[in-house]
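Heads up, the thing below is written out as structure tokens.
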Amino acid sequence: MKKLSPPDFARLREKTRLVLAGRDPADSYGFVNPAIVRGSTVIYPNMEDFLARKSRYTYGTQGNPTIDALIAALNTMEGGAGVVVCPSGLLACTLPMLAVLSAGDHLLVTDSVYRPTRNFCDRMLPRLGIEVSYYDPAVGGDIAKLFKPNTKAVWTEAPGSQTFEMQDIPAIVDAAHARDVLVLMDNTWATPLFFDSHKFGVDISVQAGTKYYAGHSDVLIGTVSARTPEQYKLVRDCWETLGVIIAPEDAFLTLRGIRTMHIRLKEQMPAGLDMAQWLSERPEVARVLHPALPSDPGHALWKRDFTGASSLFAIELKPVAMKAVGAMLDGLTLFGMGASWGGYESLALPFDCKPYRTATTPNFAGPTVRLHIGLEDIEDLKADLDAGFARLRAAS
Ligand SMILES: *Cc1c(COP(=O)(O)O)cnc(C)c1O
């Protein structure tokens, strides 16, 4: 097998690059996959090289061949200037805030933000002298009206956690960049395969790699990609200074997940849409929150900017007692109840976003349930939910 030059590699299509990225059998004794390299200490051949730190790797916290293999694949997908990896998706959200914000700065955060990210904004940033305010995810270009002289960055997430509001990312980017304000985005739902965030001007793009990258509910990992070399330097310096490092086994498993991510998402997207459509016709369901459904208020934005949809969405049930929702969910045999998503298995959980929203008041009259559609047969999943709806009706 002949080795490709970097320009030849760059000319390949994305699917092909994802199969090749980050592996060179010559570096792993001929085996297809990179080796899992564990290590803190790197030995130098002599004093001169040690003093100049002249070696490809210098110390375990500064990088490692298994982690670099993952980063090569991530760079291929994200298309930015550089990526750092973190031991959780949550840290991938909080680290770029620490990287770009300083005391006296103001951060605008979408009201639909992933809740643990919100906790960080509420509990940690004020202690560092950073002011945070929340905005309506539907704000679009009117975000400009919320800028203060000290606004440094806007945090976006589209569609939003739990409630799936789309955001007009290009309009927010235009308004922000006109004022030298950075745009940060949690792009976990679409992944770079379905939303090319850097191409749309997002400066720092975050993934909970725990979800579709790893894809098997067996790894916690986060990734941060920066659009420009200057932004990458800020993120990388923060990463190095804090001492953030992931286990090489986790890098290996995530890389393994990425190799098949295309085909998993290709299967899960239509399954999610089929289920969303089926649910929208159920008499027990008031509304389905899924931007790829034509009836969704975010559909036009989704269609304009995204090239696909993942299989996570929510439903609002018609008003019914929580004990009836419990009867429905507790008896499911294929949908597990648990946080996280993006694995091969289906999940269902109740949520209530009303208590913590501050900039908007979600108008749900009935209980809300989030669903993740896995790789099971869709007819089996529908039968499981159908039986669940029968229990819901019997208990209400
Ligand atoms: C799960 C999730 C995270 C956090 O990822 P963890 O690896 O679980 O910390 C961040 N953002 C979104 C949108 C998520 O769904």
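For the stretch 99-116, the set of residues classified as under 18 Å from the mean Cα position of the chain (by Cα) and either more than 16 Å from the ligand (Cβ to nearest atom) or under 21 Å from residue 176 (Cα atoms) (or both) consists of 109, 110, 111, 112, 113, listed by residue number. Filtered by the rule that a residue be open to solvent by less than 50 Å² (accessible area, probe 1.4 Å) and among the acidic types (Asp, Glu), the stretch 1-45 gives a lone residue, 24. Selection of the stretch 97-114 for residues being closer than 14 Å to residue 137 by Cα and either in contact with a helix residue (DSSP H, G or I) (Cβ under 7 Å, 6 or more places away or on another chain) or open to solvent by 40 Å² or more (accessible area, probe 1.4 Å) (or both) yields 108, 109, 110, 111, 112, 114.
Total residues in the stretch 288-314 satisfying the condition of being in contact with a Phe, Trp or Tyr (Cβ under 8 Å, 6 or more places away or on another chain) and either more than 19 Å from residue 268 (Cα to Cα) or among the charged types (D, E, K, R) (or both): the figure is 3. Test each condition in (1) out of contact with any helix residue (DSSP H, G or I) (no Cβ under 7 Å at 6 or more places or on another chain); (2) among the β-branched types (Val, Ile, Thr); (3) within 16 Å of the ligand (Cβ to nearest atom) for residue 58 and report the one that comes out false. If we test residue 58 against (1) out of contact with any helix residue (DSSP H, G or I) (no Cβ under 7 Å at 6 or more places or on another chain); (2) among the β-branched types (Val, Ile, Thr); (3) within 16 Å of the ligand (Cβ to nearest atom), just (3) comes out false. Could you list, in sequence order, all residues of the stretch 344-356 that are open to solvent by 30 Å² or more (accessible area, probe 1.4 Å) and either touching a Cys at 6+ places or on another chain (Cβ under 8 Å) or not in a loop (DSSP other than H, G, I, E, B) (or both)? Answer for the stretch 344-356, where residues must be open to solvent by 30 Å² or more (accessible area, probe 1.4 Å) and either touching a Cys at 6+ places or on another chain (Cβ under 8 Å) or not in a loop (DSSP other than H, G, I, E, B) (or both): just 350.
Residue pairs whose Cβ atoms lie under 8 Å apart, separated by 6 or more positions or on different chains, with the first residue in the stretch 106-124 and free of Cβ contacts under 8 Å to residues at least 24 places away in the same chain and the second more than 10 Å from the ligand (Cβ to nearest atom) and not aromatic (Phe, Trp, Tyr), are 122/132. Residue count for the stretch 360-396, restricted to those that are among the hydroxyl-bearing types (Ser, Thr, Tyr), out of contact with any helix residue (DSSP H, G or I) (no Cβ under 7 Å at 6 or more places or on another chain) and open to solvent by 40 Å² or more (accessible area, probe 1.4 Å): 1. For residue 335, are the conditions met, namely being open to solvent by less than 70 Å² (accessible area, probe 1.4 Å), in contact with a His (Cβ under 9 Å, 6 or more places away or on another chain), in contact (Cβ under 8 Å) with a residue 40 or more places away in the chain and not hydroxyl-bearing (Ser, Thr, Tyr)? So residue 335 passes the test.
Condition check: open to solvent by 20 Å² or more (accessible area, probe 1.4 Å), more than 20 Å from residue 192 (Cβ to Cβ) and within 16 Å of the ligand (Cβ to nearest atom). Does residue 87 satisfy that? The answer is yes for residue 87. When the residues of the stretch 219-228 are filtered to those that are away from the ligand (no atom under 12 Å from the Cβ) and open to solvent by 10 Å² or more (accessible area, probe 1.4 Å), the one that is farthest from residue 263 (Cα to Cα) is 228.
Within the option set 149, 170, being more than 24 Å from the chain's Cα centre (by Cα) and either modelled with pLDDT under 95 or over 29 Å from residue 351 (Cα atoms) (or both) holds for one residue only, 149. For first residues located in the stretch 298-320 and open to solvent by 10 Å² or more (accessible area, probe 1.4 Å), partners that are modelled with pLDDT under 95 and lie 6+ apart or on another chain with Cβ distances below 7 Å form the pairs 320/396.
Restricting attention to the stretch 202-218, the residues that are open to solvent by 10 Å² or more (accessible area, probe 1.4 Å) and not polar (S, T, N, Q) add up to 4. Selection of helices (runs of 4 or more DSSP H) fully inside the stretch 1-103 by the criterion of at least 1 residues being in contact (Cβ under 8 Å) with a residue 60 or more places away in the chain returns 14-20, 65-78, 89-100. Filter the stretch 128-157 down to residues that are in contact (Cβ under 8 Å) with a residue 40 or more places away in the chain and open to solvent by less than 30 Å² (accessible area, probe 1.4 Å) and give me whichever is farthest from residue 299 (Cα to Cα). Applying the filter and picking the extreme gives 151. Just one residue in the set 359, 339 is at pLDDT below 95 and part of a loop (DSSP other than H, G, I, E, B); that residue is 339.
The values are calculated or read from the model by the stated rules, or taken from the named source; none is laboratory data. Computed from a prediction, not measured in an experiment: that's the story for all the values here. Methodologically, a virtual Cβ is constructed for each residue, glycine included, from the backbone with ideal geometry; neighbour enumeration extends over all protein chains shown. We work out accessible area using only protein heavy atoms, side chains counted, and drop any ligands, DNA or RNA first. Shrake-Rupley method; radii C 1.70, N 1.55, O 1.52, S 1.80 Å.
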